[in-house]
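First up is the structure itself, then whatever we jot down about it.
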Amino acid sequence: MGSAIFSTAVSGLGAAQSNLQTISNNISNVNTAGYHRQVVEQNERSPFFEGFGYTGRGVDTAQVNRVYDQYLDARLSSVTSANSFYQTQGALMSQLDNMVGSNANGLSPAMQNFFQSMQTLSSTPTSIPARQAVLNSAQAMVGQVQAMSNQLTQVRTNVNGQVQSTIDNINAYATQIGNLNTQILALSQGNSRLPNDVLDQRDQLVQKLSEMVNVSVVTQSDGSYGVFIGNGQSLVLGATVNKLVAVPSAADPQQLTTAYSTGGVSTVIPETLISGGQLGGLFAFRTTALNRTEADLGSLAISISDSVNRQYRVGRDLNNKPVTANISNPALGQFFGDLSGIQTSLNNAALTAPAQVALLRQASQQFSLVINDPALITTASSLKANSSVTMTAAKLLTTSGGANTGTMAVTASQSTVGAFSPVPPVVVTNTGPGTFTATGGYTVAVSGNNLTLTNANGVTVKLLTAGAPTGPTNANVGDTFSIGTSNTGALTTTSASMVAGTLTAPITVTNTGVGTYSATNGFTVAQVGAVLTLTNSNGVTVRVNTAGVAGLNDQFTVGAANVGQAFISSVSQVAGVTPTVAGPPVPPAPLGPTPPTATWGPLTLTYNAATQTFTATSTVVPATTYTVTPSPNVAGAFQVVDNTAVNGFTMQFQVSGTPANGDTFVIDQKALSPAATAAQIAADNSQTDNSNLRAIDALQTQNTIINTPSGGASYVPVGGSVPNTTFQTFFGQAVSFIGSTANTIKASTDSQATALNQIKQVQQSFSGVNLDEEAASLIKFQQAYQASSKVIQMAQQIFNSLLQL
Amino acid sequence: MRVSSNSQYLIGTYALQTQQFRMTQLQNQLSNMKRVVNPSDDPVASAQILNTSLAKGVSEQFTTNAGTVRDRLALSDSTLQQLAQVVTNMKTKAVYAGNGSLTPSDLKLIQTEFRQQVQDFVGLANTTDNSGNYMYSGTNTKLQPYVLNITNGVSIQYQGDTGRAEVQVSATRTLAVTDPGSDVFGSTSTPPPTVYLPSPPAAANTPDPNATSTGNELLQAMNRFDQILSNATAGPLPSNFATSLSAVLQGFDAGLQNIATANARVGARMAESDTLEQLGASQKVQYSVIISHLQDLDIPQTVSDFQQTLQTLQATQKTYQEVSHLSLFQYLQ
């Protein structure tokens, strides 16, 4: 019986000891991450039958369990994953946010300065310091775009670095989990006797892995963990570990993405499948915020470069030179570096969003200032207006072709200088493609569809040609054209003048007999000596001075001069923004057609007092129609649109004074080397003409750019979109996008942090160690131990007293 | 509910961190005196601030431009007044020349003085501004607008163009800072192609030497006045002297009228630029107020928030300290 007390007491001692052991382990691990408190499970031993009944034989320590709830821990790891997902994004977003936050040093004021410096220049276009200021502010704007682009590149490099290190961490944790799987299998003594501390370590690794990426964990039948990412790719399966690798994305080699490596073959995991954790956060930040910001900056650079260059190229510089004349390579004749190549590449509907970003990033990196000489800024228009149309009187010219093989025909003549009355008629002969000779001491110059005959006395006649298609190149070698007058008499008109009233349309006068004439437009003709007096029923009277004698049926025209006191005070071409031709892909911005083109010719504007508008005609291109409307950009100005789609261009002109009905104005291009002499070029050099500069400056407030499509599926507007916003509003929207994204992520980060805190509380209140509780248990088991010791002492005393009997 | 020792620390640190973050935010706002420091502070407001700053900048530039226009026009205004004075003096000379008692030598003297006035006139019409640009040569401002040849009669020819330098003063409004001389004074002193007196049939073949063309009356009158003075000093007074003189006076009047009209246009543009400058100044204030509303800090509110957060933080620190001292082990001796 005595020995039974001993063994019972010893079992009590043992139980108390293992409890104390466990308690001290709990206390020691109070701050160990992932530690689950452990409790000892103890059972009564099987009793002993003593005849009167069963007596207890002590206690057995059954097993040591950890207080563990797999659902709580799974919840903890998913919240940890979400938390680090938002924290990673939040940290990167705040970099972007800070970058664009300080608007005092930002791109927006730089853009504003650029346009303001042009405003300043427009009031003093000849000032070299003001021109230099434009270049300086343009350089500052370019610098801002590049600096921002560089910062974005740094952020991207940073993201790539983090992707790499996150993947390294994932691989390290996965390897350790694989090792622990093996170890746990070896250490487990049946299902109930598990190596708790190793299990804790493995669970902790799963938590850490969750911080990196969202994983799903499945416990296998042998107790080992299977860890899966994405849509079921196994990262760990028992002892087998399949590693992830970081690979450059195919669409954009500048961004690292992740691939799954198994059996030496790596397969790229679509980024959309990687959710949660740092890795998911990095990918999400890149797709939602970084790509969009880079795309916005690139689009802005392309749009500024395109629209400024287009307008820049249609003007004249300080020395009345067109842009192309300044540099040997016309492709270099630009204000900002040409980005149209990138623009062309972007208009491929098959491009993925990352590939678009790669191109747009290139655009912001290549955005540069090309022009370096302040004199080259094209402030002036390349057009001029001739308002002083004087009254004319001229012989009608006739033309006839020989037995020609080519299709060219001379259809009309116009604007003669001096008396052109060749007897015999001048014969023009084609000597090669576009080259002609003429008889009678005349030389022939070809300009567009015009042939201009000039002799040594300065007598000049301009001829229009026609053919199918139109033009001097349609004459064959040897073709001849005879230019003369049909008039048989020698009468010439020397001058014409108004006596009373105003003449609004040309009159044709025909000789009907000796001293008798008829005239068109209701005029009657009286001849006194060498003077013809033309009068109509309204009292409009014209005098024509003549010399010589008229032949029967000879004809003359008398043209009208302007009546009103108006003149055209400025005229310029408006290059506009990227044309909005319907249907994808968006065409790259072609540079505006710079006069002269094959179809360019002086435009004649005729005023209609009833409608208060003008009609425009070109004698060179009769097939082209023009629309004249009030300008949408400048109050009181007019806009002329060439309706031909191919060569279509827009001009804007301002009229000073009030024209009379039927007054005409001629718009021509300014003198151009080498066709014009230095003196003509100097005479056309209107240095304070700032109309082209004003057109560049107007781009600031015009809709020149299309909003970036939202959603992130594409960063390039679909074909046919119409520019709907200004540069600065566009940038404002980019800033607002960064701000609101950062704001949303901030809010999500906060709520996830709260959720994480709560789940940690719950998990800790279940599995965490409470030192006070352990202290109480310590006392409890200390007392139990002391009690068991006392039992042994008591048993020994009983035994001793028996021996002393 | 069971509380683990770690929970106490977790709760404490979480509360401390949240409040410290709020403190830094408020401190950042207070040190910048701005409510919106980064776009994420208020994305909508930050975009509005950018747009409003843009509008403010554009408006300020237009105001500056209006000032430039006014200064440039002021110069033109005073020059035009001087020119009108010169033409008035010429007219006085012409009236004086009509005095029948004058001898050819008196007329010779008048011609000398008149030619001096013509030189004054052309000199003034060739005025340059402070940048050395001719004021009345249209946009071809490096080219002297008027060329005077006085050796054989008075010949004045305009070389400039008919362009005007316009300066943008509002989104859709431009104001001209120059006027082409051809519009103000005329472009040539050469008489128009032979014009016949309108009294058929008897005088049908008599050319009118006093004819002028529209817009060029002033210069042609100068040419004609000099011509009749030359004719008069060469011999006895021609029979048509009085008629011609009256035509010359008409020409001077038409010229004065033209200059006055140009001056009135300049005055109207100056008035408009003044108005625009005032409008610009009030717009600037408006825009500043909008920006201030959008980004400026509500100081009392923020300071009070700061105080509140500070107190909460202090309370949390105190409770944290108290709770962390609680341990049963302290009583186990």
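The values are calculated or read from the model by the stated rules, or taken from the named source; none is laboratory data. Source: prediction; values computed, not measured. Glycine gets a Cβ as well: all are built from the backbone with ideal geometry, and neighbour counts include every protein chain shown. Calculation scope for accessible area: heavy atoms of the full protein, side chains included, ligands and nucleic acids excluded. Shrake-Rupley method; radii C 1.70, N 1.55, O 1.52, S 1.80 Å.
Which one of the conditions (1) open to solvent by 40 Å² or more (accessible area, probe 1.4 Å); (2) free of Cβ contacts under 8 Å to residues at least 12 places away in the same chain does A:A775 fail to meet, given that it meets all the rest?
Tallying (1) open to solvent by 40 Å² or more (accessible area, probe 1.4 Å); (2) free of Cβ contacts under 8 Å to residues at least 12 places away in the same chain, A:A775 fails exactly one: (1).
Say whether the condition of being of a type in the set (G, A, S), in contact with a Pro (Cβ under 8 Å, 6 or more places away or on another chain) and on the phi > 0 side of the Ramachandran plot is met by at least one residue in the stretch B:128-144. Let's see the steps before the verdict.
Start the filter on the stretch B:128-144 by keeping residues that are of a type in the set (G, A, S), which leaves B:131-132, B:137-138.
Now restrict to residues that are in contact with a Pro (Cβ under 8 Å, 6 or more places away or on another chain): B:137-138.
Filter again for on the phi > 0 side of the Ramachandran plot, leaving B:138.
Looking for residues that are of a type in the set (G, A, S), in contact with a Pro (Cβ under 8 Å, 6 or more places away or on another chain) and on the phi > 0 side of the Ramachandran plot, one finds at least one in the stretch B:128-144, hence yes.
Would the stretch A:260-281 turn up any residue that is without any contact (Cβ under 8 Å) to a residue 60 or more places away in the chain and open to solvent by less than 10 Å² (accessible area, probe 1.4 Å)?
Our first condition is that a residue be without any contact (Cβ under 8 Å) to a residue 60 or more places away in the chain; within the stretch A:260-281, this holds for A:260-273.
From what is left, the residues that are open to solvent by less than 10 Å² (accessible area, probe 1.4 Å) are A:269.
Within the stretch A:260-281, one or more residues are without any contact (Cβ under 8 Å) to a residue 60 or more places away in the chain and open to solvent by less than 10 Å² (accessible area, probe 1.4 Å).
Checking the conditions here, which among A:A172, A:A186, A:A110 is under 30 Å from A:G280 (Cα atoms), among the small types (G, A, S) and part of a helix (DSSP H, G or I)? Steps first, answer last, please.
Details: A:A186 fails: under 30 Å from A:G280 (Cα atoms); A:A110 fails: under 30 Å from A:G280 (Cα atoms).
Checking each option against the conditions leaves just A:A172.
Does at least one position in the stretch A:170-179 carry a residue that is surrounded by fewer than 18 Cβ atoms within 10 Å (Cβ to Cβ) and either over 27 Å from A:V30 (Cβ atoms) or among the hydrophobic types (A, V, I, L, M, F, W, C) (or both)?
Yes, the stretch A:170-179 contains a residue that is surrounded by fewer than 18 Cβ atoms within 10 Å (Cβ to Cβ) and either over 27 Å from A:V30 (Cβ atoms) or among the hydrophobic types (A, V, I, L, M, F, W, C) (or both).
Consider only pairs whose beta carbons are under 6 Å apart and that are at least six residues apart or on different chains; among these, list those whose first residue lies in the stretch B:310-326 and is within 15 Å of B:S5 (Cβ to Cβ) and whose second residue is part of a helix (DSSP H, G or I).
Within 6 Å, the pairs are B:Y320/B:G12; B:V323/B:Q8.
Restricting attention to the stretch B:22-34, does a residue exist that is part of a helix (DSSP H, G or I), at the interface with chain A (Cβ under 8 Å from one of its Cβ atoms), of a type in the set (A, V, I, L, M, F, W, C) and out of contact with any Asp or Glu (no Cβ under 8 Å at 6 or more places or on another chain)? Working first, answer last.
In the first step, residues of the stretch B:22-34 are kept if they are part of a helix (DSSP H, G or I); the result is B:22-32.
Narrowing further to those that are at the interface with chain A (Cβ under 8 Å from one of its Cβ atoms): none.
No, that holds for no residue.
Does A:Q669 qualify as being surrounded by 15 or more Cβ atoms within 10 Å (Cβ to Cβ), in contact (Cβ under 8 Å) with a residue 12 or more places away in the chain and within 11 Å of chain B (Cβ to nearest Cβ)?
So A:Q669 fails the test.
Any idea how many residues of the stretch A:119-133 are out of contact with any strand residue (DSSP E or B) (no Cβ under 8 Å at 6 or more places or on another chain) and either outside any helix (DSSP H, G or I) or within 11 Å of chain B (Cβ to nearest Cβ) (or both)? So that I can check it myself, show each step before the final result.
Quick first cut of the stretch A:119-133, residues out of contact with any strand residue (DSSP E or B) (no Cβ under 8 Å at 6 or more places or on another chain) only: A:120-121, A:124, A:126-133.
Restricting the remaining residues to those that are either outside any helix (DSSP H, G or I) or within 11 Å of chain B (Cβ to nearest Cβ) (or both) gives A:120-121, A:124, A:126-130.
So the count comes out to 8.
Being more than 14 Å from chain A (Cβ to nearest Cβ), buried (at least 16 other Cβ atoms within 10 Å of the Cβ) and not aliphatic (A, V, I, L, M), is that true of even one residue in the stretch B:281-290?
yes
Taking the options A:A795, A:A713, A:A784, name whichever one is away from chain B (no Cβ under 14 Å), touching a helix residue (DSSP H, G or I) at 6+ places or on another chain (Cβ under 7 Å), open to solvent by 80 Å² or more (accessible area, probe 1.4 Å) and aliphatic (A, V, I, L, M). Don't jump to the end; show me each part of the working.
Details: A:A795 fails: open to solvent by 80 Å² or more (accessible area, probe 1.4 Å); A:A784 fails: open to solvent by 80 Å² or more (accessible area, probe 1.4 Å).
Checking each option against the conditions leaves just A:A713.
Just to be sure I understand the filter: pairs with C-beta atoms under 6 Å, separated by 6 or more residues or on different chains, first member in the stretch B:260-282 and without any contact (Cβ under 8 Å) to a residue 24 or more places away in the chain and among the polar types (S, T, N, Q), second member outside any helix (DSSP H, G or I) and loosely packed, with under 13 Cβ neighbours inside 10 Å. Which pairs pass?
Close Cβ pairs (under 6 Å, with a partner that is outside any helix (DSSP H, G or I) and loosely packed, with under 13 Cβ neighbours inside 10 Å) do not exist here.
Of everything in the stretch A:9-20, what is out of contact with any Phe, Trp or Tyr (no Cβ under 8 Å at 6 or more places or on another chain) and closer than 13 Å to A:Q793 by Cα? Give them in sequence order.
A:A9, A:V10, listed by residue number.
Using the structure shown, decide if B:Y158 is modelled with pLDDT of 85 or more, buried (at least 21 other Cβ atoms within 10 Å of the Cβ) and in contact with a helix residue (DSSP H, G or I) (Cβ under 8 Å, 6 or more places away or on another chain). Reasoning before the result, please.
Working: modelled with pLDDT of 85 or more: yes; buried (at least 21 other Cβ atoms within 10 Å of the Cβ): yes; in contact with a helix residue (DSSP H, G or I) (Cβ under 8 Å, 6 or more places away or on another chain): yes.
Against the criterion (modelled with pLDDT of 85 or more, buried (at least 21 other Cβ atoms within 10 Å of the Cβ) and in contact with a helix residue (DSSP H, G or I) (Cβ under 8 Å, 6 or more places away or on another chain)), B:Y158 qualifies.
For the structure I just gave you, tell me whether A:V762 is within 30 Å of A:Q70 (Cβ to Cβ), surrounded by 20 or more Cβ atoms within 10 Å (Cβ to Cβ) and either within 11 Å of another protein chain (Cβ to nearest Cβ) or modelled with pLDDT of 85 or more (or both). Working first, answer last.
Values: within 30 Å of A:Q70 (Cβ to Cβ): yes; surrounded by 20 or more Cβ atoms within 10 Å (Cβ to Cβ): no; either within 11 Å of another protein chain (Cβ to nearest Cβ) or modelled with pLDDT of 85 or more (or both): yes.
The answer is no for A:V762.
Determine whether the stretch A:687-696 contains at least one residue that is of a type outside the set (K, R) and modelled with pLDDT under 85.
Our first condition is that a residue be of a type outside the set (K, R); within the stretch A:687-696, this holds for A:687-693, A:695-696.
So of that shortlist, the ones also modelled with pLDDT under 85 come out as A:687-688.
The answer is yes; a qualifying residue exists.
How many residues are part of a helix (DSSP H, G or I) and at the interface with another protein chain (Cβ under 7 Å from one of its Cβ atoms) when one looks only at the stretch B:171-192? Show your work before the answer.
Applying the first criterion (part of a helix (DSSP H, G or I)) to the stretch B:171-192 yields B:181-184.
With the extra rule that they be at the interface with another protein chain (Cβ under 7 Å from one of its Cβ atoms), the set shrinks to B:183.
Adding up the residues that qualify gives 1.
Considering only helices (runs of 4 or more DSSP H) fully contained in the stretch A:305-385, which possess at least 2 residues that are away from chain B (no Cβ under 14 Å) and under 30 Å from B:T141 (Cα atoms)? Show your work before the answer.
Working: elements: A:323-326, A:340-346, A:353-366.
Result: A:323-326.
Just checking, does the stretch A:163-171 include any residue being among the β-branched types (V, I, T), over 24 Å from the mean Cα position of the chain (by Cα) and within 20 Å of B:Q168 (Cβ to Cβ)?
No: the stretch A:163-171 contains no residue that is among the β-branched types (V, I, T), over 24 Å from the mean Cα position of the chain (by Cα) and within 20 Å of B:Q168 (Cβ to Cβ).
Kindly indicate whether A:S224 is surrounded by fewer than 16 Cβ atoms within 10 Å (Cβ to Cβ), over 35 Å from the mean Cα position of the chain (by Cα) and not acidic (D, E). Write out each step before concluding.
Values: surrounded by fewer than 16 Cβ atoms within 10 Å (Cβ to Cβ): no; over 35 Å from the mean Cα position of the chain (by Cα): yes; not acidic (D, E): yes.
Criteria not met by A:S224.
Residue check: is B:T302 without any contact (Cβ under 8 Å) to a residue 12 or more places away in the chain and of a type in the set (V, I, T)? Step through it out loud before you land on a result.
Details: without any contact (Cβ under 8 Å) to a residue 12 or more places away in the chain: no; of a type in the set (V, I, T): yes.
No.
Just to be sure, is B:T275 modelled with pLDDT under 90 and part of a helix (DSSP H, G or I)? Steps first, please.
Details: modelled with pLDDT under 90: no; part of a helix (DSSP H, G or I): yes.
When the stated conditions are applied, B:T275 does not pass them.
Could you tell me whether B:V69 is in a helix (DSSP H, G or I) and at the interface with another protein chain (Cβ under 9 Å from one of its Cβ atoms)? Before the answer, list the steps.
Details: in a helix (DSSP H, G or I): yes; at the interface with another protein chain (Cβ under 9 Å from one of its Cβ atoms): yes.
The answer is yes for B:V69.
Going by the structure shown, is B:V58 surrounded by fewer than 16 Cβ atoms within 10 Å (Cβ to Cβ) and among the hydrophobic types (A, V, I, L, M, F, W, C)?
no
Just name the residue that is surrounded by the fewest Cβ atoms within 10 Å (Cβ to Cβ) out of those in the stretch A:97-118 that are more than 9 Å from chain B (Cβ to nearest Cβ) and not polar (S, T, N, Q).
Step one: list which residues in the stretch A:97-118 are more than 9 Å from chain B (Cβ to nearest Cβ), which gives A:99, A:104-105, A:107, A:110, A:114, A:117-118.
Within this subset, residues satisfying the condition of being not polar (S, T, N, Q) are A:99, A:104, A:107, A:110, A:114, A:118.
Values: A:M99: 19, A:A104: 7, A:L107: 24, A:A110: 20, A:F114: 25, A:M118: 28.
For the stretch A:97-118, the residue satisfying everything is A:A104.
What residue, of A:A734, A:A747, A:A755, is part of a helix (DSSP H, G or I), surrounded by fewer than 17 Cβ atoms within 10 Å (Cβ to Cβ) and touching a residue at least 12 places away in the same chain (Cβ under 8 Å)?
Numbers: A:A734 fails: surrounded by fewer than 17 Cβ atoms within 10 Å (Cβ to Cβ); A:A747 fails: touching a residue at least 12 places away in the same chain (Cβ under 8 Å).
Testing whether each residue is part of a helix (DSSP H, G or I), surrounded by fewer than 17 Cβ atoms within 10 Å (Cβ to Cβ) and touching a residue at least 12 places away in the same chain (Cβ under 8 Å) leaves just A:A755.
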